[in-house]
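**Student:** Here it is, the structure, as structure tokens.
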């Protein structure tokens, strides 16, 4: 008898309704939603390093954005926020939803972004890199801040005014001045380190803020802090920290800056 004929005659084992047990799944401590820009190459990579805490689950969606970052293209994100929110775990409870665009949250306004998200997910906690950075400055006592960005000058000026309206002063700022979001993602961490240290030494400050979710920084934050004796915060680090704290996760995360060992002020 050929192998093919024998296989055809063998009985098929098909077991159904096999007994199983259940638990609460992932995210037993917190479920966090993240709305990211379609062009962002960096935030997800850095969030995984920070937010991989036991029992914490993160779920991301992406929204369309123009690769050329200007005040006008950032304002256009307002029409995409609700769509991105609706795509994250429909019907499942989320503790926090974060809108992952520093300059976009600043241009649209965090209150407006939160309102758009809560139309889809009523009552959910909200943050952004901008809101997270302001909370981080408060938690670390950063009253005078050196700000480093990749943005064009129009965005830099608006961001400085936005931060100062929240309380901290920005006496020195510097920019790589690159509007192409894809190119921003390829700025080296070494360049970020050197620029952050140089800016902070320009005048008396309490710390450094690196703005933009597309810029890589986690690998050099502690080196900058050790060199300056001051805290450094970045957009992704601040937003990740704020999402964890708003979700009730108080874990300290070593190796990526003072902020990740701090609690909400």
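Laboratory data are not the source of any read-out in this text; all were calculated from the coordinates shown. Computed from a predicted structure; not experimentally measured. As a convention, Cβ positions derive from the backbone with ideal geometry for all residues, glycine included, and neighbour counts pool all protein chains shown.
**Student:** With a ≥ b ≥ c taken as the square roots of the eigenvalues of the C-alpha gyration tensor of region 131-234, please select rounded if a/c is under 1.5 and otherwise prolate if a/b is larger than b/c or oblate if it is not?
**Tutor:** Oblate, since a/c reaches 1.5 and b/c is not below a/b.
**Student:** May I pose another question? Which of rounded, prolate, oblate describes region 181-262, given a ≥ b ≥ c as roots of the alpha-carbon gyration tensor eigenvalues and a/c under 1.5 marking rounded, otherwise prolate only if a/b is larger than b/c?
**Tutor:** oblate
**Student:** State, to one decimal in nm, how far the label point of residue 190 lies from the label point of residue 202, with both points 7 Å from Cα in the Cβ direction.
**Tutor:** My value for the distance between the label points is 2.3 nm.
**Student:** Between residue 92 and residue 70, 0.36 nm times their residue separation minus their Cα-Cα distance comes to what?
**Tutor:** 4.4 nm
**Student:** Sort 211, 175 by Cβ crowding within 10 Å, fewest neighbours at the top.
**Tutor:** 175, 211
**Student:** Arrange 23, 194 by Cβ neighbour counts within 10 Å, fewest through most, would you?
**Tutor:** Lowest to highest Cβ neighbour count: 23, 194.
**Student:** Right, something else. Going by the alpha-carbon gyration tensor, a ≥ b ≥ c the square roots of its eigenvalues, is region 32-94 rounded (a/c under 1.5) or, if a/c is not under 1.5, prolate (a/b greater than b/c) versus oblate?
**Tutor:** Verdict is oblate for region 32-94.
**Student:** Quick one: order 72, 225 by neighbouring beta-carbon count within 10 Å, fewest to most.
**Tutor:** Ascending Cβ contact count within 10 Å gives the list 72, 225.
**Student:** Which whole-angstrom value gives the distance between the alpha carbon centres of region 32-62 and region 91-158?
**Tutor:** 15 Å
**Student:** For the chain, just the Cα atoms, rotate onto the principal axes and tell me the three extents in Å, largest first.
**Tutor:** Over the chain, Cα extents along the principal axes are 87, 39, 38 Å.
**Student:** For the chain, what does the helix formula give at 222 nm: sum of -39500 (n - 2.57) over DSSP H segments with n ≥ 4, over the residue count, nearest 500 deg cm²/dmol?
**Tutor:** So the helix-based figure for the chain works out to -11500 deg cm²/dmol.
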